[in-house]
Amino acid sequence: MNRDDVDWAGYFPAVVTPFTESGDLDLDTLAALIDQYAERGMHGAVINGTCGEWFSQSTDERKAVAETAVSAAAGRLRVLVGCTSNRAENVQDLASHALAAGADGVLASPPPYIKLFPDEVIAWYEDISDRVKAPLVVYNWPHGTGVDIGSDLADRLADIESVVAIKDSTPDADQFFETARRVRDRVRVFGPYMSARGVEVLRTEGGDGFVGGGSLNGSPDPAFWEDYWRGDFAPMEEYAERADRLFPRLWLPGGWAGHFGSYQAQLKALMHMLDQPAGHVRSPRLPVTDPAKLEAMRAILLEEGMLTEKAAV
């Protein structure tokens, strides 16, 4: 199995998992969000990843989220389901369920907290590959796992049977682009191409796609990739200029948290301002409730033209 066994490309929002204010799973809001993403032309969606707060869900809830997302997508966009766990048996259980529900593939990071050594990372994914035998995405998430999958290690992972893609969230841009050069002949690479540097790499070397935290821009996110496939780089450069300006105003370096709250809490607050179904965060995450922080976030959206004065009131 390799990159040619899947057609995944373009913009895939990392989907938040909506909860009610009291902490219950809100599957109706999740279905509405997936429907909005499909209507806005997203090419795929990643469910139960970091943005999806998988870590605060039970196994049954994670399965319900996967089923809801696949059903709501109804074939209009590709659905990849996060199955990260500290035990390969749990990854297998979640992956088997997601695939049976109709998911197009599954995604897993190295197990959190343990800080595997390189040979252990290889053994981990080989074990998952043998168990799942379906399209598998390697998720490089250094802030959550304590492991940054560098280019040499990614090169080895690209040869594992079920691995068809890598979602690379390393904070090291140089490393990312080197990894992409090394492995794109075998696996699809999703990472920070939607930047000025990324546009130049797309122009000269090519690239596959990006998994972003939700889709704050809406339709312009997938449009960036539609422009790329048409070879129209001017609007891509305009998009990238604003993205490079906006990102550091909202998110900490490396994108692991927001300036105004945790990644999930800040993202959901921004989504509410933009009239996107988001629900609430669940403990141990806390919502952003400070009026000054919320006003600062609104001001950024206004200044960047993502929110009108009327909508901000």
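Bear in mind that the values in this text are calculations on the coordinates, not laboratory data. This structure is a prediction, so every number in the text was calculated from the model and none was measured. Note that each Cβ is placed from the backbone with ideal geometry, even for glycine, and that neighbours are counted across all protein chains shown.
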Note to self: Return the equivalent ellipsoid semi-axes of the chain as a descending list in whole Å, where each equals the square root of 5 times an eigenvalue of the C-alpha gyration tensor.
What the structure shows: 28, 24, 18
Notebook entry, point to check: Would you list Ser58, Ser162 from fewest to most Cβ contacts within 10 Å?
Noted result: Ser58, Ser162
Next item on the list: Return the sequence-ordered ³J(HN,Hα) values of segment 6-19 in whole Hz as given by the Karplus equation 6.51 cos²θ - 1.76 cosθ + 1.60 applied to θ = phi - 60°, using x for Gly and Pro.
Entry: 10, 10, 5, 6, x, 9, 10, x, 7, 7, 6, 9, x, 10
Checklist line | Relative contact order (%) - the chain, alpha-carbon pairs under 8 angstrom, separation at least six | finding: 20
Checklist line | Within the chain, helix-based [θ] at 222 nm, where runs of 4 or more DSSP H residues each add -39,500 (n - 2.57), nearest 500 | finding: -14000 deg cm²/dmol
Margin query: How much length would be gained if the chain were fully extended between Lys133 and Glu21, taking 0.36 nm per residue of separation minus their Cα-Cα distance, in nm to one decimal?
Written below: 36.5 nm
Checklist line | Kirkwood Rh in Å, taken over all unlike Cα pairs in segment 217-298 | finding: 14.2
Next item on the list: Would you grab the residues whose amide H sits under 5 Å from the one on Gly82? Only those 5+ places off in sequence or on another chain, please, with H modelled 1.01 Å from N.
Entry: Ile47, Asn48, Gly49, Leu107
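Could you tell me which of rounded, prolate or oblate describes segment 135-284, using a ≥ b ≥ c as the square roots of the eigenvalues of the alpha-carbon gyration tensor, with rounded for a/c under 1.5 and, failing that, prolate when a/b is larger than b/c and oblate otherwise? All intermediate terms of the calculation are to be shown ahead of the outcome.
Numbers: a/c = 1.84, a/b = 1.21, b/c = 1.52.
Oblate shape, in that a/c is at least 1.5 and b/c is the bigger or equal ratio.
Set the Förster radius R0 to 25 Å, insert the Cβ-Cβ distance between Ala296 and Glu241 as r into 1/(1 + (r/R0)^6), and round the FRET efficiency to 0.05. The partial results should precede the final answer.
On the way: r = 22 Å, r/R0 = 0.89.
Result of the calculation: an efficiency of 0.65.
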Note to self: If you restrict to DSSP beta bridges whose two residues both lie in the chain, what percentage is antiparallel, to the nearest 5?
What the structure shows: 15
Item checked: Most fluctuating residue given options Thr20, Thr50, Thr204, as computed from a GNM of the chain linking Cα atoms under 10 Å -> Thr204
Note to self: So, R0 is 22 Å and r is the distance between the beta-carbons of Asn86 and Leu286; what FRET efficiency does that work out to, to 0.05?
What the structure shows: 0.35
Item checked: Virtual spin-label span in nm between Tyr113 and Asp174, 7 Å along Cα→Cβ -> 3.4
Notebook entry, point to check: Residues with amide H under 5 Å of Arg188's amide H, sequence separation 5 or more or different chain, H placed in the peptide plane at 1.01 Å from N; which?
Noted result: Arg3, Ala165, Ile166
Checklist line | Highest-MSF residue in the chain out of Pro111, Pro171, Pro253 [GNM, Cα springs under 10 Å] | finding: Pro253
Checklist line | Amide hydrogen neighbours beyond the local backbone of Gly10, cut-off 5 Å, H modeled | finding: Gly209, Phe210
Next item on the list: Grab the beta carbon distance between Glu200 and Arg76, set R0 = 22 Å, and tell me the FRET efficiency rounded to 0.05.
Entry: 0.10
Notebook entry, point to check: Taking springs between alpha-carbon atoms closer than 10 angstrom, which of Val211, Val288, Val79 fluctuates most in the Gaussian network model of the chain?
Noted result: Val288
